[in-house]
Each structure stands twice: as C-alpha cells, then as structure tokens.
1. What distance in nm lies between label points placed 7 Å from Cα along the C-beta direction at residue 76 and residue 462?
2. Mind checking the stretch 94-135 for chymotrypsin sites (Phe, Trp or Tyr not before Pro) that DSSP puts in a loop (not H, G, I, E or B) and that have at most 16 other Cβ atoms within 10 Å?
3. Can you return the aspartates and glutamates within cross-link range of residue 133? Criterion is Cα-Cα under 16 Å, with same-chain partners fewer than 8 residues away left out.
4. Only helical DSSP H runs with n ≥ 4 go in: add -39500 (n - 2.57) per run for the chain, normalise by residue count and round the 222 nm mean residue ellipticity to 500 deg cm²/dmol.
5. Quick one: length gained pulling residue 322 to residue 95 fully straight, 0.36 nm per residue minus the C-alpha distance?
6. Give the long-range amide H neighbours of residue 278: residues separated by 5 or more places, or on another chain, with amide H under 5 Å away, using H modelled in the peptide plane at 1.01 Å from N.
7. So for the chain, taking the charge dipole from beta-carbon charges (+1 Lys/Arg, -1 Asp/Glu), which of 145, 385, 419 sits furthest toward the positive end?
8. Carbon-plus-sulfur fraction of the accessible area of the stretch 162-204, 1.4 Å probe, in percent?
Amino acid sequence: MTRWLPWLFLLCALPTGLGCAMLTPVGLFPDEPQHIARADGLRYGEILGVPAPIQFPGMTTRAGVMMNTGIFNVLLAKEFPEAFPDKPVSAAARRATDAVPWDNRMTYCPTLMTQYFPAFYIPAALGLLAGQKIGLSPLHTVYLGRVAALLAFLAMGFAALALARQGQALLFAVLTLPTVVNLASSYNQDGLMIGACVLAAALLTRPPAKPRAAWLAALGLLVAVGCAKLPYAALMLFCLLPLRAPGLWRRGWLTALACALPALWLLHTLQAGLLVHYARAPYHPGPLWPGPRDIWLSSVVPAGNLRVLLAHPAQILLLPLVTLRAFWSTTWPLILGGISSGNVRIWPWEYAPLAVALGVAALGALQPWPNGKGREADAGLAAMVLLITFIGIEISMYLAFTNAGLPFIEGINARYFLPLLPFCVFILPWAGGWLARLPVAEQTLALPAACFAVPALLMAAVNSVALPIYVFHLFHMPGP
C-alpha cells in the first residue's frame, strides 16, 4: 500500500481541504485577514512592505502593504466579526460580503506579516491574480486564493509521500491531521510551511551523494522556512545527515552558506523596524524582572525580556519546559484538531482515534534504516536540532509577546510545533533499534510499513466528510 499512499493522501485531503476552504467565513482562519493582505500585496510587488503613510492611533505596526481596495473591503465586511470565532453567519452578512464590488485603487493595509519573507504566500497571490483576471467577484477571488494554497500543499504532500524512503506512515499522519489540512486551506503561511517541512524531511531520507538534487531541494525548502520564521532556521542542520555519508564537508559549507539568507532577512527586519511592540494595559514586571518591580510598563519590547534572560540564563531552557508542561493539556488537542481561529476544537470523539493514529504511525517510524550502521550520531544530532528549534520558538515568543519578567511564556500556539513532527523520522529508527531487542517489539516492527498507516488512513477518510460537516455545523455557510 505504500506506493499508493500519495494517491490516498490526495483522495482524502482534497475533499477535506476544499470543505474547510469553502465553508469557513473570510478571515476565520488564524490571523487570516493579515495573511490575505500580505498575499494580495505580493501580487503588486510588495515583497518588503511599505512604511505606514501616517501614524495610526493605537497601532504598533510600523509597516504594511498596498493592496487592492476591493479585497480590502471584503476583509472589512460583516462576515468576519459576526462569525468570530465559531458562530453562524447570517444570510444578510453573507449577501453584504458577496456584494462587495471590485475597486482597482490601492489601499494601505497595516499587517504584521511584513516581517515574514513571503515565499509561502506565492500560491495564494497567484490565486488572487487569477480570480480577478477571469472575472470572479472579490469574495470569490479570496476563496480561489485559498484553493490555490491548498493545491500547493497537496502537491508538496504528494511529493513527500512518493519520495520518502523512511517513515511514510508518520508523514502521512502529520499531513492529514485536521489542524494541518485546515491551515493548508487558508492564507496562513503555517500550512505551507508544514508541507515544506514534511517534504524536506522526506527528501532527506534519500541518499545525499554529490549532493544530489533531492538534497538541494530540501535545503532550499528549509531556507524558505527559516526566512519565513527565524526560529525554524535551525532545522537546516538536518541537511548534514547522515553524518557518516560521503560529502559531509560539502554539505556543511553549503548549509552554512545558506544560513546567510535567513540572517539577511532578519537584518532587514531589524533595520526596517518591522518587529512589533505590542501595547499592553499598564502592568508591573513579573517576578523574574532584574530591576525594581514597582515601575509601570505599557508595552512588550524584546529588550525587556532580554534583560530577564541575561540576568537568569538558565531560564532559556527552563521557561520553554515549564510553559509546555503548564499548557500541555490545552496544547495537544489543538495540535491534532484546531480549526477556525486556531483555538476552536473539532468533534470531541475524534481526539482519541487521532492520537492513536499518530501513535501507530510513529511506531512505523521505529523500523530501522536499511543501513542503520552509525545512525546513533544522526539521532543525537536530530534530537539536539529539534530541542534547539523548540527553545527558539518559545524564547522568541517570550521576547516578542510576553509581559516583561513573567515566569512563563505567553502567545504559544499549538500549530507552532507541527513543523517539528516530520523530523522525528530521524530519531525514531534509533529508538526502534533498542526496542527491537524485545521479542514482542521485534515482531511488531517486522510488520509491513504500510500497516502502520492504516489508522491514519481511516481517520483521513473519515475527516474527508466529518471535518467539512463540522465546519458547516459551526458557521452554517452555504459555500461561496
């Protein structure tokens, strides 16, 4: 069944994604209005963004994009505020949004997304361009942009499952999680970032000789991921694997050279002042603050919690672990099935079978590599890279989004951890080598690899119907 897995992925994920894309009101995916603005600006050449023409009262975003006024007016229609986060859309609000006409003037729209390199907005931008060119209304053009992003995700998922030499069941399970398919059906770049990470992991399971085109493609994908969100740049270190394969030094200097690209984008972000200073109601610093705590602060700036980390360097490791433990009970369900704004859960009955499906798929990834000699070092490097990336994700939110001095991290979304899951295919085979010494485990791991994909396949088939039904249940949307 392994060779059919890419086609089964398309068969299940296409109707699931189309259902999410077509039945979710405009703006009801995580941060979608700002992502739509970024994508629409991209088709007008807004790669770097533009400074705000005037200082908007209460706004901390210093840059944005020039976008089509018709698309901008769709974002301002009544559909979004009426439906947020999980309420039915009235027929009147739907008709008003559908009646928004084209206006080919340009409007400035502030958006936080200018700090992200826009590689993963290209499919949606092409969808917006095509929709206007073929005469669709602004609303229907917005929906076509969602479909274009979904098709790009499906192409990456298909390629990943067709090209992977190890862990196909786990990659399939990750690709078909409701959270992942839902994100991929939107303008939020996280969906395509997850698809890119799955494809990169799949390509890196192939031999890296020369380096060949598959290795270079994986490096390119991870460069795009690192430029989009800097904490994920550490994932580029996976391009060093396997450590005992010929050409390690060549892979090393090419990877080091590629690291300059995320660094250059970070430099641009800092110089252009694109990092946001989040306004807060006046507050006293938290218990980790290294100075007087009777002062009042009214914003979150990276320099504030940077002082905390310099005073308490052990917190660089402790804060992510404490935060993960404290919020895990609400995080893991949203990793498996979070929709709408990202914090709305799917049918309650789905979580147990989804967890089982992902667990069984992980068991399949325990099967040893065809040539497992020397893979212990690879597993160690992989674990270190995932830990560094995890810490980077958490600490970036501590610096940028958390009130100064707090003993935990605010603003962590479950979807931030999804790009890490496919790279577990480089750790689990090493663990499987130890488990294979147990008689029961040895017999289990001897099963055909396709067997471990069956639970995930069943859940993907169920969600090709169940997830669109649930989205319709929330919003009562008739579709575009």
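1. Placing both labels 7 Å along Cα→Cβ, they lie 4.5 nm apart.
2. Working: sites: 102, 108, 116, 120, 121; in loops: 102, 116.
Hits after loop and neighbour filter: 102.
3. Once the sequence-local aspartates and glutamates are set aside, what remains near residue 133 is 40, 103.
4. -18000 deg cm²/dmol
5. Extra length from residue 322 to residue 95 when fully extended: 77.0 nm.
6. HN-HN under 5 Å from residue 278: 300.
7. 385
8. 51 percent
The values are calculated or read from the model by the stated rules, or taken from the named source; none is laboratory data. Predicted model, so just to flag it, every value in this text is computed and none were measured. Note that each Cβ is placed from the backbone with ideal geometry, even for glycine, and that neighbours are counted across all protein chains shown. Note: areas computed on protein heavy atoms with side chains; ligands, DNA, RNA excluded. Shrake-Rupley method; radii C 1.70, N 1.55, O 1.52, S 1.80 Å.
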